[in-house]
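Quick one: this structure, given as structure tokens, is what I'll be asking you about.
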Amino acid sequence: MARAITASRKSSPATGRQMTGAQALVEALRREGVEILFGHPGGASLPIYDALYDARDVRHILVRHEQVAAHAAVGYARASGRVGVCTATSGPGATNLVTGITDAMMDSVPIVAITGQVPRPVIGNDAFQEADVTGITMPITKYNMLVMRAADIPRAVRTAFYLARTGRPGPVLVDIPRDVSQELCEPDLTVEPQVPGYRPVLDGNPNQIAEAARALSEAQRPIVYAGGGIISSGATPELTALVERTGIPVTLTLMGKGAMDETHPRCLGMLGMHGSAYANWAINSADVILAVGVRFDDRVTGRLKDFAPHARIIHIDIDPAEIGKNKPAHIPIVGDAKRVLAALVPQVRPPQIEAWWKQIEEWRERYPFRYRQRDGRISHQYVCDLLNRLTGGRAIVATDVGQHQMWMAQWYRCREPRTFITSGGLGAMGFGFPAAMGAKFARPDRQVIAVVGDGGFMMTLQDLITAVEHRLGLPIIILNNNALGMVRQWQSFFYRGRLSASLLRNPDFARLAEVFGARGIRVERPEEVEPALQAALATEDTPCVVDILCDPEENCLPMIPSGQSVAEMILDG
Amino acid sequence: MAEGTHAATISVLVQNAPGVLVRVAGLIRRRGVNIHSLSVGPTEDPSVSRMTIVVDTAPDRTEQFAKQLRKLVEVLRATAIDGLPTVDRELALVKVNVTPGTRLEIMEIANVFRASVVDLTDRTMTLEVTGRGEKVDAFIELLKKYGIREMARTGQVTLVRGAQAT
């Protein structure tokens, strides 16, 4: 895609407090503690890149497609808990960020996107590389702004970071016309954000908290339904304290993976469409549900009226609009999960739930996750199970979207928060590998692994070169079934096996990796899997692509078909 | 109006900033809901505008609308005012055909509705009427037989009665 370069006036050096808008931008980013941004330059962002040239402490990672920049910013934010930053030029550059920004919106991830815009005098004239990016991103950002004066840049940046990371986190976009980046100004870098209508409520109402504590203390079949909000607010210690104090079982959403140590005996793992049968039976039989940092997504609830029909629901969320959006809450509590749980835990008397646990253990024994290895074929689940064993659940894993994502969610048992990074709400294929890169930049000290499918990896694999360039020791495990596996599964279950456009012809990914300068391993037989994974996990300073040719007929089960209830769960294929 | 829906009024105080109207209208559009009327104007504080929005929605969804609107950064307050005692007004300008024979008849109707004649030619008369939506509807209904040439309505504006804030 063309990135036209039009003549730009050389930015004048800053004299005293005077600087260009672009220099003010870099200074403002520095003040937010930004150490890294992912981006791709172009005509409208040239002044910004010129200012970045001098900024050795604000590191720019050149990606080969802006979509990767946005996904990497998300991976960075989710692994580190800090705000991820991505940047693109105007028009096509900015529109390429859209998928990643939407992903951040759906999964409440704090990122700031900085885009170039065409110069002020031609805005609205269909100028070269012009797109109305604030208009386009209005529904997919928490907030966005077009900055029309260089002197306003510091406040815009300050406001963007403040909005991105506070309350319910989310993406914020700042669009800067090229001539604003070039304009000289004397910026006030100490300004505070001005958002009078924005007042997140952090502390829950004490009466509601007391009522919730009573409901939990008197419950016979209580359960916790914990989601990504626990991770964003850092409420894992409070959640764990609640469980240790009361013995109440916990189910996790896909976004909630890592909200609690999944090897804890009280943790039932993931619930929902592809969650464990025992987690789903348990939540559906509960009499009191403590829902924290979750949004009653349809992938969790199935048919709403049949979801947990007998339960009193306590719903804690920092976003008041989530409470009662899909399922009415009997005890609504608006507030930050960490603060609300901290207030709630000491008030809960341990309920009498021995019979409840007896029932849950019976389900857990009867319906564990299981898989079989067909002769000579590699089972996807075996690979996921093995990755879990080899890492002890202590690596940071980023997945792409599809069957492999659900198998990882089922088999990889996270030990701590911010270790499972996946596109939950948007389900964006192509997310896994860029997000893993972002996570590796955020946490170079940790083992980070990308687990992808063949379909999703093909969408963003050009940035292997970026990982090679920055010597990222990043294992990329492809669960390759030569298909868009989840699409194929739905077609075989619900479309009479008519496999329309779901089978893929793939390149030899191991050789492809080598062409990029990475390491590549192709795995065709079950006995080769373990040595290959061990080699990949031990590879330093370069990405290592492990292409594992898996059983092409495997389906992801259990499954509650879309829009149905736990009673319709498919347990065996 | 779709089945199971009713006209719900939501009053929204917003900062006067570029793009706010689009954000508010866009949020409603994204939920696939028809905007019955939307009127905007400044308040006693020139930096703040009030929008009165009437939408077709299921009665139990109105509060959810208000909550979603409150999430917009420029929204200072959003209140679903279903069921509260309110003062509602709408203004309409109606340009109607007249002949020497119908002129007095129309002025009589205008008198009953406390409408005023704001323009008059030998073939047309323009009337201004203010009131609740139903009154404006009734007035327009009566004028139809004379032939309405053009019409403009403001959409509803609403305040809650008494000391309670809207």
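The values are calculated or read from the model by the stated rules, or taken from the named source; none is laboratory data. Note that the structure is predicted; figures quoted are calculated from it, not measured. With ideal geometry, Cβ positions are generated from the backbone for all residues, glycine too; neighbour counts draw on all protein chains shown. These area figures cover heavy atoms from the full protein model, side chains too; ligands, DNA and RNA do not enter into them. Shrake-Rupley method; radii C 1.70, N 1.55, O 1.52, S 1.80 Å.
Looking at region A:300-376, which trypsin sites (Lys or Arg not before Pro) are DSSP coil and have at most 13 other C-beta atoms within 10 Å of their C-beta?
For trypsin sites (Lys or Arg not before Pro) across region A:300-376 that sit outside H, G, I, E and B with at most 13 neighbouring Cβ atoms in 10 Å, the list reads A:Arg370, A:Arg372, A:Arg374.
Partner chain Cβ atoms within 10 Å, averaged over the residues of A:189-196 - can you pull that number for me?
1
Taking θ as phi - 60°, what are the ³J(HN,Hα) couplings along region A:301-315 by the Karplus curve (6.51, -1.76, 1.60), each to the nearest whole Hz, with x for Gly and Pro?
After applying 6.51 cos²θ - 1.76 cosθ + 1.60, I find 8, x, 5, 4, 5, 9, 7, 6, x, 9, 8, 7, 10, 9, 10 Hz.
Write down the accessible area per residue of region B:115-166 in Å², having rolled a 1.4 Å probe over the full set of protein chains.
60 Å²
Given a 1.4 Å probe, how much area per residue of region A:304-410 is accessible, in Å²?
43 Å²
Let me ask another. Taking the Cα centre of chain B as origin, work out the dipole magnitude from +1 charges on Lys and Arg Cβ and -1 charges on Asp and Glu Cβ, in debye rounded to 20.
In total the dipole reaches around 420 debye.
Just counting partner chain Cβ atoms within 10 Å, what average do the residues of peptide A:321-327 show around their Cβ?
3
Let me ask something additional. Can you list the HN-Hα couplings for region B:129-140, worked out from phi with the Karplus curve (6.51, -1.76, 1.60; θ = phi - 60°), rounded to whole Hz and with x for Gly and Pro?
10, 10, x, 5, x, 5, 5, 4, 4, 5, 4, 5
Further question: Counting C-alpha atoms alone, how compact is region A:97-221: give Rg to one decimal and Dmax as a whole number, in angstrom.
19.7, 67
Heavy atoms only, probe 1.4 angstrom, no DNA, RNA or ligands counted: give me A:Trp411, A:Trp356 ranked by accessible area, highest first.
A:Trp411, A:Trp356
Tell me, what is the Rg over Rh of region A:446-572, with Rh the Kirkwood radius over Cα pairs?
Over the Cα atoms of region A:446-572, Rg/Rh equals 1.05.
How fast does region A:283-351 diffuse by Stokes-Einstein, in µm²/s, taking the Kirkwood radius from C-alpha pairs at 4 °C and 1.567 mPa s?
103 µm²/s
While we're looking at this one, here's another question. Considering the alpha-carbon set of the protein assembly as shown alone, what are its Rg and its Dmax in angstrom?
Cα only, the protein assembly as shown: 29.3, 101 Å (Rg, Dmax).
Same structure, new question: What is the Å³ per residue value for the convex hull set by the Cα atoms of region A:199-272?
105 Å³
Do the alpha carbons of any pairs in A:Lys257/A:Lys338; A:Lys327/B:Lys67; A:Lys142/A:Lys305; B:Lys95/B:Lys135; A:Lys257/B:Lys67; A:Lys325/B:Lys135 sit beyond 25 Å of each other, and which pairs?
Flagged as over cut-off: A:Lys142/A:Lys305; A:Lys257/B:Lys67; A:Lys325/B:Lys135.
Enumerate the amide H contacts of B:Arg77 below 5 Å, restricted to partners 5 or more residues apart or on another chain; note that Pro and chain-start residues carry no placed amide H.
Amide H neighbours of B:Arg77, under 5 Å, 5+ apart: B:Leu13.
Please give the per residue volume of the convex hull enclosing the alpha carbon atoms of region B:1-92, rounded to a whole number of Å³.
107 Å³
Sticking with this structure for a sec: Over all distinct alpha-carbon pairs, what is the Kirkwood Rh of region A:81-130 in angstrom?
One decimal place: 11.9 Å for the Kirkwood radius.
When the dipole is taken about the Cα centre of the protein assembly as shown, and only Lys, Arg (+1) and Asp, Glu (-1) are charged at their Cβ, what size is it in debye, to the nearest 20?
420 debye
Consider just the alpha-carbon atoms of region A:279-425 and return their Rg together with their Dmax, both in angstrom.
Rg then Dmax for region A:279-425, in Å: 18.0, 56.
Then there's this: Carbon-plus-sulfur fraction of the accessible area of chain A, 1.4 Å probe, in percent?
Summing carbon and sulfur atoms, their accessible area is 50 percent of the total for chain A.
Let me ask you something else. Which of A:Ala151, A:Met406, A:Gln352 sits closest to the plus end of the dipole of the protein assembly as shown, meaning its Cα is farthest towards the positive end, when Lys and Arg get +1 and Asp and Glu get -1 on the C-beta?
Projecting each Cα onto the dipole axis, the largest value belongs to A:Gln352.
Another question about this same structure. Please give the residues from region A:130-177 for which the solvent-accessible area of heavy atoms, probe 1.4 Å, is smaller by at least 30 Å² with all protein chains in place than with the chain isolated.
With the partner chains in place, region A:130-177 has these residues losing at least 30 Å²: A:Met138, A:Pro139, A:Tyr143.
In addition: Give me the summed buried accessible area for the A-B pair, 1.4 Å probe, to the nearest 100 Å².
Roughly 1300 Å² of accessible surface disappears when A and B pair.
Once region A:105-176 is represented by equal point scatterers at the alpha-carbon sites, with solvent omitted, what log10 I(q)/I(0) does the Debye formula produce at q = 0.14, 0.18, 0.26, 0.28 Å⁻¹?
Reported log10 I(q)/I(0), two decimals: -0.43, -0.68, -1.14, -1.24.
Here's a follow-up. When Cβ neighbours within 10 Å are restricted to other protein chains, what is their mean count per residue of peptide B:63-75?
Going residue by residue through B:63-75 and averaging, the value is 5.
Put one equal scatterer on each alpha carbon of region A:34-153, apply the Debye formula with no solvent term, and list log10 I(q)/I(0) at q = 0.12, 0.17, 0.21 1/Å to two decimals.
-0.40, -0.82, -1.24
Would you mind getting the Kirkwood hydrodynamic radius of region A:355-511 from its Cα pairs, rounded to one decimal in Å?
The answer is 16.9 Å.
Report the normalised scattering of region A:403-444 as log10 I(q)/I(0) at q = 0.16 Å⁻¹, calculated by the Debye formula with identical scatterers on the alpha carbons.
-0.45
If you fit an axis through the alpha-carbon atoms of helix A:432-442 and take the longest principal axis of the Cα set of chain A, what angle between them do you get, 0 to 90°, nearest 10?
Between helix and principal axis, roughly 70 degrees.
For region B:20-154, what value does the Rg/Rh ratio take when both radii are computed over Cα atoms and Rh is the Kirkwood radius, given to two decimals?
Dividing the radius of gyration by the Kirkwood radius yields 1.08.
State, as an integer percentage, the relative contact order of chain B based on alpha-carbon contacts under 8 Å between residues 6 or more apart.
With pairs under 8 Å counted, the relative contact order is 26 percent.
Which value, in Å² and to the nearest 10, is the accessible area of A:Ile465 when all protein chains are kept and the probe is 1.4 Å?
Its accessible surface works out to 50 Å², give or take rounding.
How large is the accessible surface per residue of region A:120-278, computed with a 1.4 Å probe and reported in Å² as a whole number?
It amounts to 36 Å² per residue over region A:120-278.
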